[in-house]
Amino acid sequence: MQSSRRQHSTSFRIVLLAIVIALAGTVVAQVVPGMRGVLHRAALPLWQIGSLSDNALGSVAAIVRSRASFQREIETLKKDMRVLQLMTLELPLLAEENRRLQALWSRRSYDESVLGRVLARPSATPYDTFVLDVGSLSRVAKGDLVLVENVAIGTVSNVFLRTSIVQLFSAPGVQSNISIATSSIPVVARGIGGGNFIGEVPRGINVEKGDVVVLPDVSSRVFAVVAEVQADASDPFRTILFQLPINIAEIDWVEVVIEGARPFQIEEDAHEESS
């Protein structure tokens, strides 16, 4: 930086000296005939030196600018390279996610439904609630049924533009009318949190651990399985503990059934009856 300033100062002095000589020569040339050519020849080297100095300084400035521009290009390329490296790391994950989505889409339960990613789950949310990445823009509405692998797990309780909240049937205090597959006797299951339920059945009803529990009002969709049967000889009822057949902590995607949608099973049954 100091060298550049000295060069500028030297060039300025040379140019100034040349101007002074030129002015003096002009005056002398007017007074003494024949001096004009002599003074011009004497001042010419000074003008040339000044011009060369300016050209040299201009070249140095151009080189500095070129190096700065080149450095910026290098930084830009480095950033682009980092982005490409991150994209390369994501490729296997994206491929696996695409495979899973295609599998989930092929196993949809209803003719009109949307797949939603679980953005938050317990313990990041209140007991037995999910936050999904689909909302009213995807035609999701309050009350829509939510399934996982054909298992009914809850309904949409709140809807926003691009997100929605799902309350699971197992949320504390939620009551659901269910039916145990081995019997047509209706049973009320009460959610107790963590994907678990509790209910009571008359002692004469045969219920065993592992029996499937369904929602008769939702095309007999799987609701839970019997986890435990508690009996007291003096009690006319037996207490049944139910459990979701899937771990809610491992749910990443769900199927949200759009209002008015028809189960694929009904269409298949109708086709079989017509044939």
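Does ALA124 fit the bill of being at pLDDT below 75 and more than 17 Å from the chain's Cα centre (by Cα)? Spell out the reasoning first.
Numbers: at pLDDT below 75: no; more than 17 Å from the chain's Cα centre (by Cα): yes.
No.
Does any residue of the stretch 233-240 turn out to be within 13 Å of PHE169 (Cα to Cα) and either touching a Leu at 6+ places or on another chain (Cβ under 8 Å) or in a loop (DSSP other than H, G, I, E, B) (or both)? Steps first, please.
Taking the stretch 233-240 and keeping what is within 13 Å of PHE169 (Cα to Cα), we get none.
No, the conditions are met nowhere in the stretch 233-240.
Please find, among PHE237, PHE242, the residue that is assigned by TED's automatic domain parsing to the domain that holds ALA152 and either charged (D, E, K, R) or at pLDDT 90 or above (or both).
That would be PHE242, the only listed residue that is assigned by TED's automatic domain parsing to the domain that holds ALA152 and either charged (D, E, K, R) or at pLDDT 90 or above (or both).
Quick test for you: out of ALA124, ALA171, ALA181, pick the one residue that is assigned by TED's automatic domain parsing to the domain that holds GLY204 and over 26 Å from VAL213 (Cα atoms).
That would be ALA124, the only listed residue that is assigned by TED's automatic domain parsing to the domain that holds GLY204 and over 26 Å from VAL213 (Cα atoms).
Can you give me the number of residues within the stretch 164-174 that are assigned to a loop (DSSP other than H, G, I, E, B) and surrounded by fewer than 24 Cβ atoms within 10 Å (Cβ to Cβ)? Let's see the steps before the verdict.
Applying the first criterion (assigned to a loop (DSSP other than H, G, I, E, B)) to the stretch 164-174 yields 169-174.
Adding the requirement that they be surrounded by fewer than 24 Cβ atoms within 10 Å (Cβ to Cβ) leaves 171-174.
Final tally of qualifying residues: 4.
Check ASN177 against each of (1) assigned to a strand (DSSP E or B); (2) in contact with a Phe, Trp or Tyr (Cβ under 6 Å, 6 or more places away or on another chain); (3) within 29 Å of GLU228 (Cα to Cα) and name the one condition it does not meet.
With (1) assigned to a strand (DSSP E or B); (2) in contact with a Phe, Trp or Tyr (Cβ under 6 Å, 6 or more places away or on another chain); (3) within 29 Å of GLU228 (Cα to Cα) applied to ASN177, the lone miss is (2).
Which condition breaks for GLY195 when tested against (1) out of contact with any helix residue (DSSP H, G or I) (no Cβ under 7 Å at 6 or more places or on another chain); (2) surrounded by 12 or more Cβ atoms within 10 Å (Cβ to Cβ)?
Going through the list (1) out of contact with any helix residue (DSSP H, G or I) (no Cβ under 7 Å at 6 or more places or on another chain); (2) surrounded by 12 or more Cβ atoms within 10 Å (Cβ to Cβ), GLY195 breaks only (1).
For the stretch 143-163, give me each residue that is part of a strand (DSSP E or B) and in contact (Cβ under 8 Å) with a residue 60 or more places away in the chain.
LEU145, VAL146, LEU147, VAL148, VAL151, ALA152, ILE153, VAL156
Taking the residues in the stretch 167-223 that are among the basic types (Lys, Arg) and farther than 21 Å from GLY143 by Cα as candidates, determine which candidate is modelled with the highest pLDDT.
Per the stated criteria, the residue is LYS209.
Could you tell me how many of the residues in the stretch 133-146 are out of contact with any Lys or Arg (no Cβ under 7 Å at 6 or more places or on another chain) and buried (at least 17 other Cβ atoms within 10 Å of the Cβ)?
Qualifying residue count, the stretch 133-146: 6.
Let me confirm something: among ASP235, ASP211, which residue is surrounded by 17 or more Cβ atoms within 10 Å (Cβ to Cβ) and either of a type in the set (S, T, N, Q) or free of Cβ contacts under 8 Å to residues at least 60 places away in the same chain (or both)?
ASP211
The values are calculated or read from the model by the stated rules, or taken from the named source; none is laboratory data. Bear in mind the structure is a predicted one, so any value in this text is a computation, not a measurement. So basically every Cβ, Gly included, is an ideal-geometry build from the backbone, and we count neighbours across all protein chains shown.
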